[in-house]
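> Please see the structure below; I have some questions.
The values are calculated or read from the model by the stated rules, or taken from the named source; none is laboratory data. In this text the structure is predicted, and so the values were computed from the model without any measurement. Remember, those area values only see protein heavy atoms, side chains included, never the ligands or the DNA or RNA. Shrake-Rupley method; radii C 1.70, N 1.55, O 1.52, S 1.80 Å.
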Amino acid sequence: AMLSWLGTEPAAREALALLAAALGPDWRSRLEDPSWSSSNTVAQSLLTGLCIAAWNCVAPYLPGPAICAGYSVGELPAFCAASVFDSATAIRLAHERAAAMDRSVAGRDTGLMAVQGVRRPGIDAACARHALEVAIDQGADRFVLGGLSTALMQAETDLAARGARCTR
């Protein structure tokens, strides 16, 4: 539902208008189209815009933040919440960041895979065997691997045989 309650909140209007300008006014209905909604440009713009809209709604009820942090594209709405830059800048940067990421893999069938249950030495060995990279290190036995889809499929079989739980 992508935080549908935001549509009725006056404090969310600016961020939602910026999001509609970046993605089109019909972005909610277009989420049903996986070829559109799965692009980095859409996903990262949505995450940034919706985070900012939600923050704008709850911020008046909270004490001022002592610290703001975000991970990956979440850094952009965190910077916005910290008043480092405004909503328009955050959404523009999300769009540009995602477009650059899309260009970097254009024409290649790539993806990500969450892996749980194998420690770093086993992950590093699997990455070496299958030409993958650790995209995210979430803990002692939780990782997200990235690379070509065919390599991810091979690694999934390999890692599952070693007791890992893999989720594309």
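> When the accessible area of the chain is split by element with a 1.4 Å probe, what percent falls to carbon and sulfur?
On the way: 5520 of 9580 Å².
Here carbon and sulfur together make up 58 percent of the probe-accessible area.
> Short version: what are the Cα gyration tensor semi-axes of segment 1-68, square root of 5 times each eigenvalue, largest first, in whole Å? Show your work: numbers first, answer last.
Details: eigenvalues 115, 34, 18 Å².
They are 24, 13, 9 Å, listed from largest to smallest.
> Now a separate question. Let me check against my output: what whole-number percent is the relative contact order of segment 1-60, with C-alpha pairs under 8 Å and at least 6 apart?
Details: 41 pairs, mean separation 29.9, N = 60.
In percent, rounded to a whole number, it is 50.
> Run the helix sum for the chain: -39,500 (n - 2.57) per DSSP H stretch of 4+ residues, divided by residue count, reported at 222 nm to the nearest 500 deg cm²/dmol.
Values: 8 runs with 87 residues, N = 168.
Only helices count here, giving -15500 deg cm²/dmol.
> Additional query: What percentages make up the Cα-Cα pair-distance distribution of segment 80-168 when the bins are 5 Å wide from 0?
Percent of pairs per bin, in order: 3, 14, 21, 18, 11, 11, 10, 8, 4, 1.
> Compute the Kirkwood hydrodynamic radius of the chain, taking the inverse of the mean of 1/r over all pairs of distinct Cα atoms, and give it in Å to one decimal. The partial results should precede the final answer.
Details: mean 1/r = 0.0563 Å⁻¹.
About 17.7 Å, per the Kirkwood formula over Cα pairs.
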